[in-house]
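Structure record follows, encoded as structure tokens.
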Amino acid sequence: MHQLNSKLPHIGTSIFTEMSQLAQEHQAINLSQGFPNFMPDKTLMHYAKEAINSHRNQYAPLGGLPELRQKLSDKFYRLYHHRYDWESEITITAGATQAIFTAISTLVNQGDEVIVFKPAYDCYEPAVELYGGVIKPVQLDAPDYKIPWEKVKSLVTDKTKLIIINTPHNPSGYVWTKEDFESLKTIIRDTSAYILSDEVYEHMVFDDKTHLSICKDKELAERSIATFSFGKTYHVTGWKLGYAVAPKALMNEFRKVHQYNVFCVNHPLQFALSQILEEPRHYMNLSQFYQQKRDRFLELVKDSRFKFVPTEGTYFQLADYSEISDLPDTEFCLELIKKHQLAAIPVSVFNQNKLQQGCIRFCFAKTDETLEQAAEVINTI
């Protein structure tokens, strides 16, 4: 048999899969992988059943159902004052991860440099590596995870093809500010760099903060692909449906890859989502919904030995365990599962060179009962 030369020789099973498997093996409370453990809205489920029963079960158009894209175009204009053309500038994807992969496939060539902020969601870098790109990491410092713009500026060269941003940021929860976007704009203005903006947690922003989409800034939007997630917004991560928006010329290239990657995505569920989008309250109330869960969780664990800085966005909360253990976070998380039946995510796996910052990540997109059970464990450690 011929020896296979792996294109990703250093990549193994994702930390999310590993921790969820261990949680199942040890019957642990799972606050690791980022998915809700409560039911989606009943109305959305009704729309999905209705779509399946009304024979919407064949291929959808390549770009997505027209009625869904039209409603998304209206949503972008209402929220971000940017009108994307539904026919040529919006594409429905098989989750945000496929949108991100397709965007990277579209833009990155051999030798192109890609700036990534670390800790970073683990799907960015493997895709860059597959297309011969060179990662230029920018490590963010705990506990505030603010962007070191002088460092970013020093990394931008004539080889910089792409800068990947994520706000609200997973795993830290940091929400980009107007000053962040102004700094980004100034740095890249005289370059040919593009932006990939991961905004899957756009509707989970707390304490009166505002999500500033890259779509709101005309200058940045002209050189950006932005990605979003229906799964995160409507508590249906298993549906694997998302979308991407970009100027027509960029989207045209994006769709060239998309059509040979998945061609199109789930038809009946697109119809269900187009129906639920007629009721904006489902996403407009989401920040309040998750802030209540965040606040409930933090209240329950306030007397523990962990240290918490309230997350600004997402449904993740970092926890500093430095007063509890000197173990590396990967080992500490294994101990949590095996000794305490509680699953979390070690943050170092997302850092440059697996940098240890004494932090782990909990997901609070769980029922109140689950959060209460988890808090009982956390408070005994």
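Data for the structure
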| read-out | value |
| --- | --- |
| Computed magnitude of the charge dipole of region 58-279 (debye, nearest 20; Cβ of K, R +1, Cβ of D, E -1) | 300 |
| Region 118-165-region 1-70 distance, computed between alpha-carbon centres (Å) | 26 |
| Ranking of Thr380, Thr330 by count of other Cβ atoms within 10 Å, fewest first | Thr380, Thr330 |
| Length-normalised contact order for the chain - Cα pairs under 8 Å, 6+ apart - percent | 25 |
| Region 281-336 pair-distance distribution - Cα-Cα, 5 Å bins, rounded % | 4, 17, 23, 19, 17, 10, 6, 4, 1, 0 |
| Karplus-derived HN-Hα couplings along region 112-121 (A = 6.51, B = -1.76, C = 1.60, θ = phi - 60°), whole Hz, x at Gly and Pro | 5, 9, 10, 8, 10, 8, 10, x, 10, 3 |
| Selection from Val265, Ser348, His26 lying farthest towards where the dipole of the chain points positive, charges on Cβ | Val265 |
| Burial ordering of Leu62, Leu31, fewest other beta-carbon atoms within 10 Å first | Leu62, Leu31 |
| Burial ranking of peptide ranges 166-173, 290-297 (average Cβ count within 10 Å, highest at the top) | 166-173, 290-297 |
| Nitroxide proxy distance, nm - points 7 Å out along Cα→Cβ at Asp295 and Asp74 | 3.2 |
| Furthest towards positive pole of dipole, Ser183, Ser229, Ile90, structure part region 58-279, Cβ charges | Ile90 |
| ³J(HN,Hα), Karplus 6.51/-1.76/1.60, whole Hz, each residue of region 342-347, x for Gly, Pro | 9, 10, 9, 10, x, 6 |
| Net charge, Arg69 excluded, C-beta distance under 11 Å - Lys, Arg +1, Asp, Glu -1 | -3 |
| Phe289, Phe332, Phe316 arranged by Cβ crowding within 10 Å, fewest neighbours leading | Phe289, Phe332, Phe316 |
| The chain - charge dipole about Cα centre, Lys and Arg +1 at Cβ, Asp and Glu -1, debye rounded to 20 | 780 |
| Per-residue ³J(HN,Hα) for region 146-156, Karplus 6.51 cos²θ - 1.76 cosθ + 1.60, θ = phi - 60°, Hz, x for Gly and Pro | 6, 7, x, 5, 5, 5, 4, 4, 5, 8, 6 |
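The numbers here are math on the coordinates, done by the rules we state, and not lab data. Note that the coordinates shown come from a computational prediction; the quantities given were computed from them, not determined experimentally. Heads up, the Cβs are rebuilt from the backbone with ideal geometry, glycines too, and the neighbour counts pull from every protein chain shown.
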